[in-house]
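Undergrad: My questions will all concern the structure given below.
Nothing in this text is a laboratory measurement; each read-out follows from the coordinates by a stated rule. Here the structure is a predicted model, which is why all the values come from computation and not from measurement. Cβ placement follows ideal geometry from the backbone for every residue including glycine, while neighbour counts extend to all protein chains displayed.
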Ligand SMILES: [Fe+2]
């Protein structure tokens, strides 16, 4: 989880980073609550089942190997919303992570503090049956189905922890906007090039039926080779499908973040113009130059 949202016209779930401090009274000092697993109703488990089955049919051949392997080894199935205690037992053994329940968006510093300590905050609520493709805030399906399988992967697990630590630093430096874009274009909307094709690893895509198709199959969006500095300069859309997806050669590239001295990087980035989601630079390694039809039609 953590911190995402949608905006009103979104056809599908959107993800955002951060709740303004003071918006809500914290339920506890670190914002965690009991998942209250025993309190889920049959209807809520039913919504999980509908979403789980729809997505599970769609993802073979679309989700990356790490996601598929992570999902295979987790106590997660169609019949009920997973119990965070059981997920955490499995995760702890594999990568030292645990899932903690939160009631919704949490402030950035709280979110980063959890990640830096290998705790993934997940919303404990689930969307309504008539809102399967609309999310005001990240719910348990987005957070658990989308994010948790990747936390079973050692490289990715280390990356998210490093991101949390980097987030705490960026929060102090006032450079959160740049760092949040990295999260957005990797953890939420990242694609990776496997030998057998382009694959999804971002949770915002993996938990979204329509974007799982759009991100891979649609001719409209640009697909550009991931470059950290480039991504940190690039705005993103929270109200619709992405206009650009950044593609890793492999997940190991994410470890680059752990080795970077961010202070000079932030200074360099802030001296350069911001980029809009649909921009293409001469230096970009463009894997697919999008037609722009989808977003163009919306602007018309
Ligand atoms: Fe997310």
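Undergrad: What number, in percent, do you get for the relative contact order of the range 37-289 if the mean sequence gap of Cα pairs under 8 Å and at least 6 apart is divided by its residue count?
TA: On the way: 398 pairs, mean separation 47.1, N = 253.
Reported as a whole number, the value is 19 percent.
Undergrad: Where is the GNM fluctuation largest for the chain (alpha-carbon springs, 10 angstrom cutoff): 250, 222, 39?
TA: Result for the chain, Cα springs under 10 Å: 39 fluctuates most.
Undergrad: Calculate the tail of P(r) for the range 247-300: the fraction of all Cα-Cα distances greater than 13 Å, expressed in %. Intermediate values should be presented prior to the final figure.
TA: Numbers: 1085 of 1431 pairs.
That fraction is 76 percent.
Undergrad: Quick one: the Cα spread of the range 103-239 along its three principal axes, in angstroms, biggest first?
TA: Answer, in whole Å and largest first: 40, 37, 29 Å.
Undergrad: Please order 183, 40, 159 by the number of other Cβ within 10 Å, starting at the fewest. Before the final figure, lay out the partial values.
TA: Details: 183 27, 40 20, 159 24.
Ascending Cβ contact count within 10 Å gives the list 40, 159, 183.
Undergrad: Based only on other Cβ atoms within 10 Å, what is the fewest-to-most ordering of 102, 148? It would help to have the intermediate numbers written out before the result.
TA: On the way: 102 29, 148 26.
Arranged by neighbour count, lowest to highest, 102, 148 become 148, 102.
Undergrad: Once Rh for the range 125-187 is found with the Kirkwood sum over Cα pairs, what is the Stokes-Einstein diffusion coefficient at 37 °C and 0.692 mPa s, in µm²/s?
TA: Numbers: Rh = 13.4 Å.
The estimated diffusion coefficient comes to 245 µm²/s.
Undergrad: Tell me the Kirkwood radius of the range 53-172: reciprocal of the mean inverse pair distance over distinct alpha-carbon atoms, in Å. Mind showing how you got there, number by number?
TA: Numbers: mean 1/r = 0.0671 Å⁻¹.
For the range 53-172, inverting the mean 1/r across all distinct Cα pairs yields 14.9 Å.
Undergrad: I would also like to ask the following. Can you list, largest first and rounded to whole Å, the semi-axes you get for the chain by taking the square root of 5 times each eigenvalue of its Cα gyration tensor?
TA: Values: eigenvalues 152, 102, 71 Å².
Each semi-axis is the square root of five times an eigenvalue, giving 28, 23, 19 Å.
Undergrad: In the chain, what % of DSSP beta bridges are antiparallel (nearest 5)?
TA: Values: 7 of 21 bridges.
Here the share of antiparallel DSSP bridges comes out near 35 percent.
Undergrad: Right, here's the next one. By counting other Cβ atoms within 10 Å of each Cβ, how are 38, 243 ranked from fewest to most? Write out the running numbers ahead of the final one.
TA: Working: 38 7, 243 21.
Listing 38, 243 from fewest to most nearby Cβ atoms yields 38, 243.
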